[in-house]
1. For the stretch B:76-87, which residues satisfy the criterion of being outside any loop (DSSP other than H, G, I, E, B) and more than 7 Å from every other protein chain (Cβ to nearest Cβ)?
2. Can you list the strands (runs of 3 or more DSSP E) found entirely within the stretch B:1-63 that contain at least 3 residues being within 16 Å of ligand 2 (Cβ to nearest atom) and farther than 14 Å from B:TYR190 by Cα?
3. Residue check, B:ASP54 against (1) within 14 Å of chain A (Cβ to nearest Cβ); (2) surrounded by 18 or more Cβ atoms within 10 Å (Cβ to Cβ), all met but one. Which one?
4. Which residues, counting only those in the stretch B:151-185, are within 14 Å of chain A (Cβ to nearest Cβ) and either closer than 18 Å to B:LEU4 by Cα or in contact with a Phe, Trp or Tyr (Cβ under 6 Å, 6 or more places away or on another chain) (or both)?
5. Among the candidates B:ARG115, B:ARG139, B:ARG129, single out the residue that is at the interface with chain A (Cβ under 9 Å from one of its Cβ atoms) and either in a loop (DSSP other than H, G, I, E, B) or under 29 Å from B:THR200 (Cα atoms) (or both).
6. Looking at B:GLY330, B:GLY319, B:GLY276, B:GLY260, which one is over 19 Å from B:HIS224 (Cβ atoms) and without any contact (Cβ under 8 Å) to a residue 60 or more places away in the chain?
7. Name the one entry in B:GLY217, B:GLY211 that is more than 16 Å from ligand 1 (Cβ to nearest atom) and under 26 Å from B:ASP8 (Cβ atoms).
8. Which of (1) away from chain A (no Cβ under 14 Å); (2) crowded, with 16+ Cβ neighbours inside 10 Å; (3) within 16 Å of ligand 2 (Cβ to nearest atom) does B:ALA210 not meet, given it meets every other one?
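The values are calculated or read from the model by the stated rules, or taken from the named source; none is laboratory data. In this text, all values refer to a predicted model and were calculated from it rather than measured experimentally. Positions of Cβ are backbone-derived with ideal geometry, glycine not excepted, and every protein chain shown enters the neighbour counts.
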Amino acid sequence: MTDWLTPEEWQAVALSLRVSLVATLFSLPLGIFVAYALARWRFPGHGLLNGLVHLPLVLPPVVTGYLLLLTFGRTGWIGGFLDGWFGLVFAFRWTGAALAAAIMAFPLMVRAIRLTIEAVDPKLEAAASTLGASRPWVFATITLPLILPGILAGSVLAFAKAMGEFGATITFVSSIPGQTQTMPSAIYALLQVPGGEAAVGRLVVIAVVIAMGALLLSEWIGRMVARRVGGA
Amino acid sequence: MAELKLTDIRKSFGSLEVLHGIDLEIRGGEFVVFVGPSGCGKSTLLRLIAGLEDISGGTLEFDGQVVNHKSPAERGIAMVFQSYALYPHMTVYDNMAFGMKLGGGGKAEIEKRVRQAAEILQITPYLDRLPKQLSGGQRQRVAIGRAIVRDPRVFLFDEPLSNLDAALRVQTRIEIARLKERMADTTMIYVTHDQVEAMTLADRIVVLRAGYVEQVGTPMELYHTPANLFVAQFIGSPSMNIVAARATRDGEALVVEPEGGRRMYLPGAGKVVGDGPIQFGVRPEDLTISGEGQPVFEGLVTLVERLGESQLVYVERPGSDEPLVAKLPGHLEVERGARIELSANPDVVRLFDADGKAVAL
Ligand SMILES: Nc1ncnc2c1ncn2[C@@H]1O[C@H](COP(=O)(O)OP(=O)(O)O)[C@@H](O)[C@H]1O
Ligand SMILES: [Mg+2]
């Protein structure tokens, strides 16, 4: 099965999968929290938080990557701190690629989750609390099950977005084969050398299949939402 | 069985105060109805009692204990909402068991209580269904059942019948009345804008208007001795007729002359009312066709609504565009366009001063 991809190409595909999975899983708790806060709470800085979350969507990715380099680079104020205290380095590592992918995919994830939270009638939560449920319990037994489809859809979208992330990633962690060269970076690198078309073709097919699969999956989950919450 | 005491309860949303100092005592096991026009603050007051909204001022006590800062879960209440608020992802059974599962009751005990409540409300056949597979009336019964199972100290209802059609509304109202008998020890507070629901269900009614309590009393107290014009017109259907009048003292008696009407002699009322303008009130069911008594009003019949056992007769008087409404026995022959003379027994007439406050006769 590995025959039709070279080891380098496999490395790129595997790295992309790992980066996207880690990016999605680690940003999910924060994504749910931010989505809940934006949907249900009114607080000073609400608009600012909303803007901040959506910023990567409208900023040139290369700018996002550069800002990451400034803050999370080894001399950046967060990067320096994390390196000094925890030995955690992001710049030019695969972890950095995951961080970049997570930030770029975050708006999509939050949006999808927020929409389902807004579709949950606050009276359901109120009813649960008047029936004796504490706040965390209301969230666990009422809110969470009802927004689960949104969480799944948001995660699938975020995963797909992370798989395709290029600009911020290459700016922040470069494109080191076997270390930080994700699938999009590999495609770009192959396009720069003569005779790379065949390899590009193979990777492109994989990219299209993954993206298409993700879209179909999130569509299907969307229909589940309608069936589950609708009409009750 | 919980007693509630509200002292100077206030609620503001931002800079807008919607409840302006509510004082109220509710006895254990009492069925109290908050009634008033839409937007007067009934739901807000109920939500304050439930703990779903923060109290801006004053104190709320359950059994002598201040609960202002207790969460809804700690207050031992259960609330039924107008929109049912059933959990769409749970079966009827799980919806009803929800409150008890939190309490950590045993499985057998939970099952027993759920089945008992389901029996009372006749929803046993639907226990395995999802809420979306039920009709509106069934959903509301599940919502009530869910609250019963919790066996709360205070049962709260926010317009539970407003989403139901007329027939179901009456049926469910009767069921709530039965529930009240069955759970005689449970304090119940019921919010509605419908004075018929208030009259039929309440031990005591609290009439609210624009964030103030207008009057508290039993249904018949409010009907017979409304404290002011607002309560007089809000309680009773059709509303009490109000006519501007002039009062003149004649010794111990009072001579009242309604605009476009004839003089009426109220013995004894001269002791409490002075000369001057006054509002004269008489309920439609207290007007009769003059035969024996002296007529107070005469006018032209503009509309007759026949209800069967009774009829509503709308009478236009010279110099007034507000028609008088008289509720007359259904067997009387009253035709549109006819002239009619109406009289009222002085005992049932109500007088209100210039501020709309009732004058005690
Ligand atoms: N969450 C809220 N924010 C702002 N104003 C509110 C809120 N809830 C209720 N109000 C206002 O408080 C007043 C009373 O509302 P409510 O208690 O719902 O009235 P009712 O139940 O008697 O119809 C209304 O003027 C309403 O607009
Ligand atoms: Mg209301």
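1. Listed by number, the list holds a single entry, B:VAL80.
2. B:16-26
3. Unmet condition: (2).
4. B:ASP151, B:PRO152, B:ARG153, B:VAL154, B:PHE155, B:LEU156, B:PHE157, B:ASP158
5. So the residue among B:ARG115, B:ARG139, B:ARG129 that is at the interface with chain A (Cβ under 9 Å from one of its Cβ atoms) and either in a loop (DSSP other than H, G, I, E, B) or under 29 Å from B:THR200 (Cα atoms) (or both) is B:ARG139.
6. B:GLY330
7. So the residue among B:GLY217, B:GLY211 that is more than 16 Å from ligand 1 (Cβ to nearest atom) and under 26 Å from B:ASP8 (Cβ atoms) is B:GLY217.
8. (2)
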